[in-house]
Amino acid sequence: MANIRMVGFDADDTLWRSQDYFDAAQRDFEAIIAPFLDGGDARTAERLYAVEKANLAVFGYGVKGMALSMIEAAIAITGGRIGADAVHRIVGLAKDLLRHPVELLPGVREAVAEVAASVPVVMITKGDLFHQEAKVRDSGMSDLFRRIEIVSEKDVPTYRRLLEEFAIAPDEFVMVGNSLRSDIAPVLELGGWGVHLPYHLTWVHERDADLAAGGRGRLRSVASAAELPAVLRSIMAA
């Protein structure tokens, strides 16, 4: 039997909606800069992502980094023709993102509470510290988690450090999340377990994941939060 001593949960698009708001902001961004384009296919989405990806090491993840990347991309894509009013509207998109309500996904509170009744649970999420803290507070779920970790990146070194702090061996840990790249692959590489809870939208940066063949036996998938308690029990019985 697997001796599971802790379960980790991602937050954005696992516990509550997030990518929906970012995708809507990107569509608004494209509409804002459209009048400044000469016409033709400007590959706006592709060029914006290229700027965002290049800036991750500088700005990190989250709304504020996205807003700065939008302004930089807008200047580049429009050849500097974008006006101050349009830039102000882009800043407004960021403010709206930072203020959007926290909408829990169906069944997540009940599922997390049921899991927490039998094994300690922690939240591990990445992004802007101030924004993530506000979402955790507004979610009304903070009381369920033993610890809440807001990190700059979710990779093998980060999970290794956290597991050492928790005094948990990798094979005693299960991570639940919507992103194979950030939530699942690093934990499997360390020797832990992963439960993939897909969301209907995924940021392009999170779509590619290299799942080592040796870890696939420790990966489970569920279609809804309601399935989590049962699949975790099956892992414990594995």
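The values are calculated or read from the model by the stated rules, or taken from the named source; none is laboratory data. Bear in mind the structure is a predicted one, so any value in this text is a computation, not a measurement. Positions of Cβ are backbone-derived with ideal geometry, glycine not excepted, and every protein chain shown enters the neighbour counts.
Summary of values
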item	result
Test: residue in segment 22-45 that is crowded, with 19+ Cβ neighbours inside 10 Å, under 28 Å from Gly107 (Cα atoms), of a type in the set (D, E, K, R) and out of contact with any strand residue (DSSP E or B) (no Cβ under 6 Å at 6 or more places or on another chain)	no
Sole residue being of a type in the set (Gly, Ala, Ser), over 17 Å from the mean Cα position of the chain (by Cα) and not assigned by TED's automatic domain parsing to the domain that holds Glu227, chosen from Gly79, Gly65	Gly79
Some residue of segment 1-9 being free of Cβ contacts under 8 Å to residues at least 60 places away in the same chain and surrounded by fewer than 20 Cβ atoms within 10 Å (Cβ to Cβ)	no
Segment 110-131, residues that are at pLDDT 95 or above, of a type outside the set (Asp, Glu) and not in a loop (DSSP other than H, G, I, E, B)	Ala111, Val112, Ala113, Val115, Ala116, Val121, Val122, Met123, Ile124, Thr125
Pairs, first among the polar types (S, T, N, Q) in segment 223-238, second not in a helix (DSSP H, G or I), C-beta under 9 Å, six or more apart	Ser224/Leu105; Ser224/Pro106; Ser224/Gly107; Ser224/Leu197; Ser234/Arg220
Subset of segment 115-133 [in contact (Cβ under 8 Å) with a residue 24 or more places away in the chain and either within 19 Å of Asn178 (Cβ to Cβ) or under 17 Å from the mean Cα position of the chain (by Cα) (or both)]	Val115, Val121, Val122, Met123, Ile124, Thr125, Lys126, Gly127, Asp128, His131, Gln132
Matching residues in segment 143-178 - criterion: being among the aliphatic types (A, V, I, L, M) and touching a Gly at 6+ places or on another chain (Cβ under 6 Å)	Met175
Close pairs from segment 161-182: first without any contact (Cβ under 8 Å) to a residue 40 or more places away in the chain, partner outside any helix (DSSP H, G or I) and surrounded by fewer than 16 Cβ atoms within 10 Å (Cβ to Cβ), Cβ under 6 Å, at least 6 apart	Pro170/Gly191; Leu180/Ala209; Arg181/Ala209
